[in-house]
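See structure below.
The values are calculated or read from the model by the stated rules, or taken from the named source; none is laboratory data. All values derive from a computational prediction rather than experimental measurement. Note that each Cβ is placed from the backbone with ideal geometry, even for glycine, and that neighbours are counted across all protein chains shown. With ligands, DNA and RNA removed, areas are computed over all heavy atoms of the protein, side chains included. Shrake-Rupley method; radii C 1.70, N 1.55, O 1.52, S 1.80 Å.
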Amino acid sequence: MKIAIIGVGTVGSAVATAVKNTGCVHEIVLFDRDTIRAIAAAEDLGHAATFGFDVKINAVSNYRGIRGSDIVIIAAGANQRVGETRTDLLQKNAAVISDIIPRVMQNVDAKSVKIIVVTNPLDVMVMLAQKISGLASGRVIGTGTMLDSARLRTILSRHLSVSTQSIDAYVLGEHGDSSVIDWATISIGGVALDDFCRQTKISLPLTTRRTIEHRTRNAAYEIIRGRGATWDGIGAAAADLVRCIANNENRVLTVSIMDGTHKTGVAMSLPRIVGADGVIASMMPRLTPGAGTELRRSGKIIRKNFDAIK
Ligand code: NAD
């Protein structure tokens with residue numbers, strides 16, 4: 001499998017490292033408008049590859065170099081500075097997506113390629129990329145709330161003293177400040193969270209739940225304050241999505257696509273089955289009325305931001 005990564009800054013490099021370490025790709029090509037940066041990243045990653053899976057890693061100086069790619073990952077664009085929200089990046093990154101997607105489409109097989117969008121504001125960039133590319137919605141996939149769900153599971157794991165692997169918890173809606181957590185849908189080993197807490201005598205009162213929601217939504221802000229940017233989490237999330245497609249795993253991931261099935265009218269994250277053809281099915285959980293209202297509000301925010309693109 002050949003992967004192209006467009007934009008090889010902090011995030012693109014982390015994505016390349018994590019994808020390389022999945023062992024399910026044989027070639028990665030890196031493109032950045034800063035060619036020197038892409039060449040340097042390919043050198044460094046190439047050296048790293050000698051210690052692991054045998055993956056060919058090359059920088060390319062124009063889009064012809066991405067020909068033959070099965071998956072194209074878009075990690076180009078401005079990132080958040082301290083105090084900025086993802087939405088603050090809207091106009092700048094809409095211009096980046098509008099620059100990149102037509103060039104990508106001229107050099108890939110439109111019948112089979114999958115595009116993975118990482119650039120923020122994520123859901124709006126997915127909508128734009130899908131519209132410009134004209135690809136089926138299931139093949140233009142944003143990493144969405146995969147990362148937010150991982151953050152929620154990590155925090156819950158510490159409170160519940162149980163492995164993240166045993167926690168079924170999904171963040172829905174926008175990959176951003178309006179993301180939605182429905183506590184009623186969370187389970188541990190198939191046991192509903194409230195029952196789990198009762199049986200294990202763990203107290204998870206409303207105030208603690210609000211704190212967990214806040215920490216989940218604000219994790220990126222905290223990380224950016226501490227280390228200037230986020231990269232490890234998103235690198236691993238994007239690589240997990242690549243693995244799911246490469247191995248046709250049909251796993252349920254909370255990814256963002258422009259969704260016709262549930263009439264959200266926008267790209268947002270829901271539990272979706274991902275396989276070799278991209279997203280092959282989407283589900284809408286039975287939400288509590290409050291969470292349902294929050295999800296509709298999240299959709300309206302995404303729509304408003306998409307309509308604000310100049
Ligand atoms: P960065 O500034 O380190 O790197 C961005 C790279 O994009 C640069 O190398 C730049 O030269 C390149 N670039 C910009 N415009 C381009 C164009 N038109 N064509 C080709 N290359 C172009 O930024 P970063 O920290 O790597 O972040 C990249 C994006 O990823 C940001 O939008 C950020 O918000 C997003 N991000 C998303 C998630 C997520 O969960 N989806 C998490 C973290 C970061």
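Just name the residue that is farthest from the ligand (Cβ to nearest atom) out of those in region 14-25 that are open to solvent by less than 20 Å² (accessible area, probe 1.4 Å) and not β-branched (V, I, T).
K20
Check region 101-108 and report whether any residue there is within 14 Å of the ligand (Cβ to nearest atom), β-branched (V, I, T) and at pLDDT 95 or above.
yes
If I ask for residues that are β-branched (V, I, T) and either at pLDDT 95 or above or touching a Pro at 6+ places or on another chain (Cβ under 6 Å) (or both), which ones from region 55-83 would you list?
If the condition is that a residue be β-branched (V, I, T) and either at pLDDT 95 or above or touching a Pro at 6+ places or on another chain (Cβ under 6 Å) (or both), then V55, I57, V60, I66, I71, V72, I73, I74 are the ones that fit.
How many of the residues in region 272-290 are within 16 Å of T143 (Cβ to Cβ) and either exposed (fewer than 15 other Cβ atoms within 10 Å of the Cβ) or touching a Ser or Thr at 6+ places or on another chain (Cβ under 6 Å) (or both)?
Residues in region 272-290 being within 16 Å of T143 (Cβ to Cβ) and either exposed (fewer than 15 other Cβ atoms within 10 Å of the Cβ) or touching a Ser or Thr at 6+ places or on another chain (Cβ under 6 Å) (or both): 2 in total.
Would you be able to say whether some residue in region 86-93 is among the polar types (S, T, N, Q) and more than 14 Å from the ligand (Cβ to nearest atom)?
no
For I28, state whether it is touching a residue at least 40 places away in the same chain (Cβ under 8 Å), of a type outside the set (F, W, Y) and open to solvent by less than 50 Å² (accessible area, probe 1.4 Å).
So I28 does not fit the description; no.
From the list V180, V171, which one is within 13 Å of the ligand (Cβ to nearest atom), on the phi < 0 side of the Ramachandran plot and either modelled with pLDDT under 95 or not polar (S, T, N, Q) (or both)?
Within the list V180, V171, the selection yields V171.
Being within 11 Å of the ligand (Cβ to nearest atom) and either free of Cβ contacts under 8 Å to residues at least 24 places away in the same chain or surrounded by fewer than 23 Cβ atoms within 10 Å (Cβ to Cβ) (or both) narrows it down to one of A136, A40, A49, so name that one.
From the options A136, A40, A49, the qualifying one is A40.
Report whether or not D88 is within 19 Å of the chain's Cα centre (by Cα), within 24 Å of G142 (Cβ to Cβ), touching a residue at least 60 places away in the same chain (Cβ under 8 Å) and open to solvent by 20 Å² or more (accessible area, probe 1.4 Å).
So D88 fails the test.
Note down all Cβ pairs under 6 Å where the first residue falls in region 183-208 and is outside any helix (DSSP H, G or I), the second is open to solvent by 40 Å² or more (accessible area, probe 1.4 Å) and not hydrophobic (A, V, I, L, M, F, W, C), and they're at least six residues apart or on different chains.
Filtered contacts from region 183-208: S187/D168; I188/S166; G189/S166.
Cβ contacts < 6 Å: first residue in contact (Cβ under 8 Å) with a residue 12 or more places away in the chain, restricted to region 97-123; second residue aromatic (F, W, Y), any location; separation 6+ or different chain. Result?
Qualifying pairs under 6 Å: R103/Y63; N107/Y63.
Do we have V11 as out of contact with any Lys or Arg (no Cβ under 9 Å at 6 or more places or on another chain), buried (at least 20 other Cβ atoms within 10 Å of the Cβ) and farther than 27 Å from Y221 by Cβ here?
For V11, the condition - out of contact with any Lys or Arg (no Cβ under 9 Å at 6 or more places or on another chain), buried (at least 20 other Cβ atoms within 10 Å of the Cβ) and farther than 27 Å from Y221 by Cβ - is not met.
Can you name the number of the only condition in (1) open to solvent by 20 Å² or more (accessible area, probe 1.4 Å); (2) at pLDDT 95 or above; (3) under 17 Å from G9 (Cβ atoms); (4) not hydroxyl-bearing (S, T, Y) that Q130 fails?
(3)
Regarding Q165, is this residue out of contact with any Ser or Thr (no Cβ under 7 Å at 6 or more places or on another chain), at pLDDT 95 or above and closer than 29 Å to M1 by Cβ?
Here the answer is yes, as Q165 does meet what is asked.
Has region 66-80 got any residue that is under 17 Å from I132 (Cβ atoms) and open to solvent by 40 Å² or more (accessible area, probe 1.4 Å)?
There is at least one residue in region 66-80 that is under 17 Å from I132 (Cβ atoms) and open to solvent by 40 Å² or more (accessible area, probe 1.4 Å).
For every residue, the table says whether it meets (1) under 17 Å from L122 (Cβ atoms); (2) in contact with a His (Cβ under 6 Å, 6 or more places away or on another chain); (3) open to solvent by 60 Å² or more (accessible area, probe 1.4 Å); (4) at pLDDT below 95.
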position: S256; (1), (2), (3), (4): yes, no, no, no
position: K263; (1), (2), (3), (4): no, no, yes, yes
position: T293; (1), (2), (3), (4): no, no, yes, no
position: K310; (1), (2), (3), (4): no, no, yes, yes
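All but one of (1) under 24 Å from N248 (Cα atoms); (2) surrounded by fewer than 23 Cβ atoms within 10 Å (Cβ to Cβ); (3) touching a Lys or Arg at 6+ places or on another chain (Cβ under 8 Å) hold for K111; which doesn't?
(3)
Which condition breaks for D32 when tested against (1) within 14 Å of the ligand (Cβ to nearest atom); (2) closer than 19 Å to S133 by Cα?
Of everything listed in (1) within 14 Å of the ligand (Cβ to nearest atom); (2) closer than 19 Å to S133 by Cα, D32 misses just condition (2).
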